[in-house]
Amino acid sequence: MTLRKPKSGPPQKPRPIRKAWKFCPHCGHPVEKPGRHPFVCMACEFTHFFAPVSAVGAIATDPDGQVLLLVRAKDPGKGMYGLPGGFIDAGETAEEALQREVLEEVQLEVTSHRYLASFPNEYNYRGFVLPVTDMFFVVEVVSFDALHLADGEIAGWHFCHPKKRELKRMAFQSNRRALEEFLKQRSRHD
Ligand SMILES: [Zn+2]
């Protein structure tokens, strides 16, 4: 996919993606008041629901119980921490996406998973905000020996027992909330 260079100028205030729909994608009719949900074209009745897209996130711990955090190489959240994961493809299960994303991103093979929780997220891409539902899983991997970063996406990694300092540096609040839930559950079992 080739992306056009963004026009220079002051960054725009983030807007919901639905406000970007200025014309009906089916018949080209101009939209009188962009931003309505669902989108219904006045001319041809073409309808679109701006439902959140789904994504998965993985919490993987080393034998000492330290959590694998990734340093994001790109915006949104460049330089901040994230959990391995990504968007679920159409036709894919959340579990398949979990396996695929963890393998693609850090070359680790997920052998088992436990569903933890879901949290809403927002993905700000050049000023337009996409609603996302993040689903989090606690995973086990074959071994961390193969840990290797996919080119370009991730700048580094950090194993730690997440404390306030790390939690504050999470790129997405949904990731922070998932970690907090994980730590809360783990402390109950200690
Ligand atoms: Zn139309």
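What to note about this one:
- Residue match in region 43-56 (condition: in a loop (DSSP other than H, G, I, E, B), touching a residue at least 12 places away in the same chain (Cβ under 8 Å), exposed (fewer than 13 other Cβ atoms within 10 Å of the Cβ) and within 12 Å of the ligand (Cβ to nearest atom)): yes
- Among the numbered conditions (1) closer than 15 Å to LEU83 by Cβ; (2) assigned to a helix (DSSP H, G or I), the only one that SER187 does not meet is (1).
- Conditions (1) in the same structural domain as GLN107 (by TED's automatic domain parsing); (2) in contact (Cβ under 8 Å) with a residue 12 or more places away in the chain: number failed by GLY91: (2)
- Among the residues listed as GLU101, GLU122, GLU96, the single one being at pLDDT 95 or above and either surrounded by 15 or more Cβ atoms within 10 Å (Cβ to Cβ) or not charged (D, E, K, R) (or both): GLU101
- Meets criteria (within 13 Å of the ligand (Cβ to nearest atom) and either farther than 16 Å from LEU130 by Cβ or of a type in the set (Gly, Ala, Ser) (or both)) for GLY65: no
- Pairs linking a residue in region 16-31 that is open to solvent by less than 60 Å² (accessible area, probe 1.4 Å) and outside any helix (DSSP H, G or I) to a residue that is within 7 Å of the ligand (Cβ to nearest atom) and at pLDDT 95 or above, with Cβ atoms under 6 Å and 6 or more positions apart or on different chains, are CYS24/CYS41; CYS24/PHE46.
- Residue check: GLU105 meets all listed conditions (1) of a type outside the set (A, V, I, L, M); (2) within 24 Å of ALA155 (Cβ to Cβ); (3) within 12 Å of the chain's Cα centre (by Cα) but one, namely (3).
- Scanning region 86-102 for residues that are in a loop (DSSP other than H, G, I, E, B) and within 15 Å of the chain's Cα centre (by Cα) yields a count of 2.
- Selected residue (only one of PRO25, PRO34, PRO10 is more than 22 Å from the chain's Cα centre (by Cα), at pLDDT below 95, farther than 28 Å from ALA150 by Cβ and within 16 Å of the ligand (Cβ to nearest atom)): PRO34
- Only one of SER112, SER54 that is touching a Ser or Thr at 6+ places or on another chain (Cβ under 7 Å), among the polar types (S, T, N, Q) and modelled with pLDDT of 95 or more: SER54
- Residue match in region 67-79 (condition: surrounded by fewer than 18 Cβ atoms within 10 Å (Cβ to Cβ), of a type outside the set (A, V, I, L, M, F, W, C) and not in a loop (DSSP other than H, G, I, E, B)): no
- When restricted to residues that are modelled with pLDDT of 95 or more and in a helix (DSSP H, G or I), region 133-184 contains 17.
The values are calculated or read from the model by the stated rules, or taken from the named source; none is laboratory data. Since this is a predicted model, take the numbers as computed values, not measurements. All Cβ positions, even for glycine, are placed from backbone atoms using ideal geometry, and neighbour counts span all protein chains on display. The accessibility values were calculated without ligands, DNA or RNA, using every heavy atom of the protein model including side chains. Shrake-Rupley method; radii C 1.70, N 1.55, O 1.52, S 1.80 Å.
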